[in-house]
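**Q** Structure provided below as structure tokens; questions to follow.
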Amino acid sequence: MTKTITFTLNGEIRSFSVSADEKLIDLLRRHDYKGVKWGCGEGSCGACTVLIDAKTAYSCITYAFLADGKDVWTIEGIGSIDSPHPIQKALIDEGAVQCGFCIPGMVLSAKALFDKNSTPNKDAIKEYMDGNLCRCTGYEKIYTAL
Ligand code: FES
Ligand code: FES
């Protein structure tokens, strides 16, 4: 059984047909929002982070129908290679990106934090971003960049 849901995705109103048990990550990835990464699939790594109504959400454990009527952002709406968001530029300039798999989720979490608090200290950044895991960098350059 499917249902049509409508929500704002990266600033555009979009409608999608979803099944009751479809997860938001699957909906987004099947519509080519491939910046939403499948990592653990169980709410532990943060690779699938999106913003829903300005708060971070793990899209791998969020039912797609729960996005109905909400304001959803993926990394595709935040910045691009030609026009990176300042957070993306800071990460690049600091050399804080290695394989890059964790970075979309990191950027979205950082954006959620900075939108609430434009001058967080390093401890606040670490605490806010402890749900985003990185296998490559050891975190220091990421936190320094932010
Ligand atoms: Fe969703 Fe790891 S893939 S939290
Ligand atoms: Fe590779 Fe973070 S840069 S997982």
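The values are calculated or read from the model by the stated rules, or taken from the named source; none is laboratory data. Bear in mind the structure is a predicted one, so any value in this text is a computation, not a measurement. Counting neighbours? That spans all protein chains shown, and the Cβs are built from the backbone with ideal geometry, glycine included. Calculation scope for accessible area: heavy atoms of the full protein, side chains included, ligands and nucleic acids excluded. Shrake-Rupley method; radii C 1.70, N 1.55, O 1.52, S 1.80 Å.
**Q** Translational diffusion coefficient of the range 83-145 at 10 °C, 1.306 mPa s, Stokes-Einstein with Kirkwood Rh over Cα pairs, in µm²/s as a whole number.
**A** Answer, rounded: 136 µm²/s.
**Q** Percent antiparallel among DSSP beta bridges with both residues in the chain, to the nearest 5?
**A** Percentage antiparallel, nearest 5: 90.
**Q** What does the accessible area of SER44 come to, in Å² to the nearest 10, when a probe of 1.4 Å is used?
**A** Solvent-accessible area, nearest 10 Å²: 60 Å².
**Q** Where the centroid of each part is defined by its Cα atoms, how far is the range 72-97 from the range 7-68 in Å?
**A** Centre-to-centre (Cα) distance: 19 Å.
**Q** Expressed in nm to one decimal, what extension gain is obtained for the pair THR144 and ILE92 from 0.36 nm per residue of sequence separation less their Cα-Cα distance?
**A** 17.6 nm
**Q** Round to a whole number: what % of the accessible area of the range 1-88 belongs to carbon and sulfur, probe 1.4 Å?
**A** Roughly 51 percent of what the probe reaches on the range 1-88 is carbon or sulfur.
**Q** So how tilted is helix 103-116 from the main axis of the chain? Cα-based, degrees 0 to 90, rounded to 10.
**A** Helix 103-116 sits at roughly 80 degrees to that axis.
**Q** Sticking with this structure for a sec: Rank GLY11, GLY105, GLY41 by mean-square fluctuation in a GNM of the chain with C-alpha springs under 10 angstrom and give only the top-ranked residue.
**A** Its mean-square fluctuation being the largest, the pick is GLY11.
**Q** Let me ask another. Taking θ as phi - 60°, what are the ³J(HN,Hα) couplings along the range 67-74 by the Karplus curve (6.51, -1.76, 1.60), each to the nearest whole Hz, with x for Gly and Pro?
**A** In residue order, the calculated couplings are 7, 3, x, 9, 10, 10, 10, 10 Hz.
**Q** Among all the lysines, which ones have a C-alpha under 26 Å from LYS23's C-alpha, if same-chain residues fewer than 8 places away are not counted?
**A** LYS3, LYS34, LYS37, LYS55, LYS70, LYS111
**Q** For the range 1-128, report the accessible area per residue in Å² (1.4 Å probe, heavy atoms, rounded to an integer). The partial results should precede the final answer.
**A** Numbers: 6800 Å² over 128 residues.
In whole numbers, the range 1-128 has 53 Å² accessible per residue.
**Q** A follow-up question, please. For the chain, compute the orientation-averaged projected area of the C-alpha convex hull (one quarter of its surface), in nm².
**A** For the chain, averaging the hull's shadow over all directions gives 8.3 nm².
**Q** Right, another one. As I understand it, the dipole of the range 29-146 uses +1 on the Cβ of Lys and Arg and -1 on the Cβ of Asp and Glu, about the Cα centre. Which of THR49, GLY69, TYR128 lies farthest toward its positive end?
**A** THR49
**Q** Taking the Cα of SER44, stepping 7 Å toward and past its beta carbon, and measuring to each backbone N in the range 129-146: which are under 15 Å?
**A** Within reach of a label on SER44: 131-135.
**Q** Please give the net charge around CYS60, taking every other residue with its beta carbon less than 15 angstrom from that of CYS60, where Lys and Arg add +1 and Asp and Glu add -1.
**A** Numbers: positive: LYS23, ARG29, ARG30, LYS34, LYS37; negative: ASP21, GLU22, ASP26, GLU42.
So the environment of CYS60 carries a net charge of +1.
**Q** Quickly estimate the mean residue ellipticity at 222 nm for the chain, helices only: each DSSP H run with n ≥ 4 gives -39500 (n - 2.57), and the total goes over all residues, rounded to 500.
**A** Counting only the DSSP helices, I get -8000 deg cm²/dmol.
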